[in-house]
Amino acid sequence: MSRTYTIKDNLVENRLFLNRIAAAFITIIVLTSGLVIRLVYLQIVGHEHYATLAKDNSIKIEPLVPTRGIIYDRHGKILAENRPSYSLELIPEQISNLDDTLLRLQKILDIPDEKIEQYQKQRIRQKRFTSTPLLISMSDEEVAKFAVVRPYFPGVDIHARLVRHYPYYELASHVVGYVGRINETELKTLPIAEYRGSNHVGKIGIEGFYETELHGKAGYAEIETNVQARAINIINEVDPDPGANLYLTLDIDLQKTAYDALDTFNGAVVAIEIKTGGVLVFASRPGFDPNPFVVGITNNAYQALQSSDNQPLYNRALRGLYPPGSTIKPFIGLAGLEYNAISYQHRLFCPGYYQLPNVSHRYRDWKKGGHGGVNLNEAITQSCDVYFYTLASMLGIDRMHAFLQQFGFGEKSGIDLVGEKSGLLPSREWKRDQRNQSWYPGETLITGIGQGFLQVSPLQLARATATLANKGNVVTPFLVDKIVRMGSTSRGPETHDKTIPLKLGNVNNIIQGMVNVVHSARGTAKGINNDITYQIAGKTGTAQVFNIKQDAKYNENEIDFKLRDHALFISFAPADDPKIAVAVIVENGGHGGSVAAPIAGKVIKQFLGDQK
Amino acid sequence: MKTETRSEQFQPPSLIGNILRKLHIDIPLFIGLVFTSLLSFIILYSAGSQELDILLRQGARVGLAFGLMTVLAHIDPYQFKRYSALLFNIGIFLLIAVLIMGQIGKGAQRWLDIGFFRFQPSEMIKITTPMMIAWYLAEHPLPPKSKQLFIASLLIVIPTLLIAKQPDLGTALLVASSGAGVLFFAGLSWRFILGIVAAISSLTPVIWHFMRGYQRDRVLTFLNPEADPLGRGYHIIQSKIAIGSGGIYGKGWLGSTQSELDFLPESSTDFIFAVFAEEFGLFGCVGLLILYLLIIGRCLYIASQAQDTYSRLLAGSLAFTFFVYVFVNIGMVIGILPVVGVPLPLISYGGTSIVTLLAGFGILMSIHTHKKFLPN
């Protein structure tokens, strides 16, 4: 077809086109009418139906909260459990006047203002249409009171929830820890899907460290609801994976003995099973009741705990740092033997003081007049300071630092708890880096008797003692023995084998000195050697307190007490086949032999007595 | 055609009117577009969780789109006709380029990255396809003969298939209908139109065979949304709940509970009509439809007044395609058409569709304001 004989008839084309425009317009009007008819059908005829559906969109996805794992001690006694409890919960979006509702609830149930504040804070953080608890652990009376008025409170309901409970209260609060309401920072880091529906998260202790294992995996249910938001049908359900149960190495009865033995003192006791590294006792006194933290501790109660001079929230066993005092002497003595700085028959004369060459300052022994001629064994038994000044001077700080480091001083033990302190094992480098000063010979001397810069935690002391008792096979302390999930059991943290190369003869000589501390007539802890068929090896220590809290009120008796020395004792037993190592620190306890040693004695005797 | 005579007289001797006329802007159409765009901001503010950020971004796009419209309105329609074939071929070339890059990238590929900005060739094709077909048919006497019909159909099918393969069913549909629109206005015989409809119905199984899994799912879901309420039928059920719960008067601006609660998916984009219907009710919906009809009516009027075949066909097709936009989007949201990705024109959030739409209106304005001779 060529353009030469096709003549465009504009008039015909124009008419055709206008017809088509008209046809298009009619079609468009017809189709639009179709849309309008459909809209009328949806918005007038179906309005009621759809309005109902919209009001409570008929399908809800409800998270199914996993049951938190239970924590047991080594004998299966429950340290943390879940108790059913009733809580009063509100869905703010379903309440027309929230402030008024809260006010009315407050009158009926006597809710303190503080709980209301807490609720308001938590409510803001929640997703819309989430049920948020106002009261947890309601009493039967409270439940009954609300049940009567429930119809007048739309959007408010009583829910049965499992609430964490710690049956041993303050006894194991630091080691077991507690769960608390999820806070804002945690909300950002926790996996949202797993914690939808969970209100609590492990904060400290085992509860915090093993949060992932204890929490489990959330499930969900797709629920069909009616207009009143009541479930009428469960369409699909994915069960939650409950959290793992944890079996600790801790012996709660032994823990109680240690805690009670501390009596009115502040302090810490750590006991380790030498063969495994499992921690038997991890006591810090004073403790605190962890249960209020679960329901939401009141501000006043929390402030009281925070500001108490006794610092109950402070985990002394894990984070408390003290000068080891004379308890360091067995390790210094062993260093002397290992480095051939001294032999164990070698006698040194103790005049009651020690002087560095060309220096007039006298470093005093705790015993005026001195111990006379002593060998290493006797120096340990009698805790002769002059002997260890001399030995420290012979070793020098570099060798002391290298040797003590192998026993875990100055570093974290790696126990399965958060917040461990590494303490301080001073060295030339440390002083140059941190203080910008060179090391003075006098500082070597006082390090030799466990004073000066040296700072250790009760856990480190127990670990070093266990390692010594284990003849140099380094003991790694841990708390969780077994993690029991549905159908599978796994071990707690891995321990790695590490051995300090020590001569057995040297170790045995030191151990003999420590046995004499308890069992010889001149031993500093001879008070605890009764009623036993085995030998306890130990070493007393007394640490000077050189700083008082700056803001402490001036009170003569109080200050006097606070200025008293810390009493320390390290020990293990039986001496010939060590099973348990115990470290005790009693703040302001005075003398290690009279105050700290009996506590360790009770723990050892109970543990070894149970074994038979 | 009394009303149209009146609107032709609607030329206020104001300063703004003069400026707009100098810019070759058609005032009634311009007012309709500005009004719809303002409505878009009002709904987007509510549907987009009242975030100003969304409004600012949309504002920038609308500004750009109006700018492009003004530029195109200024160009003589003869130039469009002259470059129709070239632009169409460039569009096809870019579509193939995108498809090849998509093969390499393994996935849906619609964008072409040209260094500083990203460009969607399928949007350009929405305008160049009717331009191409209008150009081709205008060269011959109308109504088209079978040979021209065959070539025109080929010119429609090629870009449509290329886009459907991306895969972008919504855009493919719009491209096909813009081409079909030209054929319709060119005087395609009614018998032929009926024949095509019959052929498409009988070809359904073949089309089904070539559909992708998710496209099949959409059709199945459309046929029975309640079968899978949490999965594929979710969109339709939720939007029907939103629209139905709006009732006659609606829940008022910012009163939408369904989009607020995230029950309604894509509430700012393809399903924005559901939010509108929930907040403004049946009255609002009918009002919006009337607004659209006024725009379409004005466009058809412009087409009827156009002075050459190319301009008429192109103007008619652009008006028709705009209606297809409206009908397909609202139809899918209210559950009478399957869910294909077509935005509500001038209202939905998203830049590319509004730019293309206003480019089309720019061409319409160009056609209307560049008359070579007065009608007798």
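The values are calculated or read from the model by the stated rules, or taken from the named source; none is laboratory data. For clarity, every value in this text was computed on a predicted model and none was experimentally measured. Positions of Cβ are generated from backbone atoms using ideal geometry, with glycine treated the same way; all protein chains shown enter the neighbour counts.
Points to keep in mind about this one:
- For A:SER137: the one exception among (1) in a helix (DSSP H, G or I); (2) at positive phi: (1)
- Residue in region A:210-219 that is in contact with a Leu (Cβ under 9 Å, 6 or more places away or on another chain), more than 15 Å from A:PRO240 (Cα to Cα) and buried (at least 19 other Cβ atoms within 10 Å of the Cβ) present: yes
- Among the residues of region A:142-157, the ones that are part of a helix (DSSP H, G or I) and more than 35 Å from the chain's Cα centre (by Cα) come to 9 in all.
- All of B:LEU313, B:LEU318, B:LEU282 fail the test of being facing another protein chain (nearest Cβ under 10 Å), crowded, with 24+ Cβ neighbours inside 10 Å and in contact (Cβ under 8 Å) with a residue 24 or more places away in the chain, apart from B:LEU313.
- Contacts under 7 angstrom Cβ, first residue in region A:236-249 being charged (D, E, K, R), partner assigned to a strand (DSSP E or B), 6 or more apart: A:GLU237/A:ALA221; A:ASP239/A:LEU64; A:ASP239/A:GLY219; A:ASP241/A:LYS217
- Selection of region B:293-310 for residues being touching a residue at least 40 places away in the same chain (Cβ under 8 Å), part of a helix (DSSP H, G or I) and not small (Gly, Ala, Ser) yields B:LEU294, B:ILE295, B:ARG298, B:CYS299, B:TYR301, B:ILE302, B:GLN305, B:THR309, B:TYR310.
- Considering region B:137-163, the residues that are touching a residue at least 40 places away in the same chain (Cβ under 8 Å) and in a helix (DSSP H, G or I) include one that is farthest from the other protein chains (Cβ to nearest Cβ), namely B:LEU162.
- Leading residue by the ranking (modelled with the lowest pLDDT) among those in region A:229-243 that are in contact with a strand residue (DSSP E or B) (Cβ under 7 Å, 6 or more places away or on another chain) and more than 30 Å from A:GLU213 (Cα to Cα): A:ALA231
- Qualifying residue in region A:302-314 (condition: more than 30 Å from A:GLU117 (Cα to Cα) and of a type in the set (A, V, I, L, M)): no
- Of the residues making up region A:68-88, those that are under 30 Å from A:PHE209 (Cβ atoms) and either modelled with pLDDT under 90 or not in a loop (DSSP other than H, G, I, E, B) (or both) are A:ILE71, A:TYR72, A:ILE78, A:LEU79, A:ALA80, A:GLU81, A:ASN82, A:ARG83, A:PRO84, A:SER85, A:SER87.
- Taken together, A:LYS107, A:LYS115 contain a single residue that is assigned to a helix (DSSP H, G or I) and at pLDDT below 85, which is A:LYS115.
- Residue check for A:PHE288: in a loop (DSSP other than H, G, I, E, B) and either touching a helix residue (DSSP H, G or I) at 6+ places or on another chain (Cβ under 6 Å) or buried (at least 22 other Cβ atoms within 10 Å of the Cβ) (or both): yes
- Of the residues examined, B:MET101 is not one that is out of contact with any Pro (no Cβ under 6 Å at 6 or more places or on another chain), modelled with pLDDT of 85 or more and of a type outside the set (Val, Ile, Thr).
- Among (1) modelled with pLDDT of 90 or more; (2) within 10 Å of another protein chain (Cβ to nearest Cβ), the one test that A:LEU53 misses: (1)
- When region B:328-368 is filtered for residues that are farther than 16 Å from B:THR36 by Cβ, assigned to a helix (DSSP H, G or I) and within 14 Å of chain A (Cβ to nearest Cβ), the ones remaining, listed by number, are B:VAL328, B:GLY331, B:MET332, B:VAL333, B:ILE367.
- The single condition from (1) out of contact with any Phe, Trp or Tyr (no Cβ under 6 Å at 6 or more places or on another chain); (2) modelled with pLDDT under 90 that B:PHE35 fails is (2).
- Among the conditions (1) farther than 25 Å from A:THR542 by Cβ; (2) free of Cβ contacts under 8 Å to residues at least 60 places away in the same chain, the only one that A:GLY373 does not satisfy is (1).
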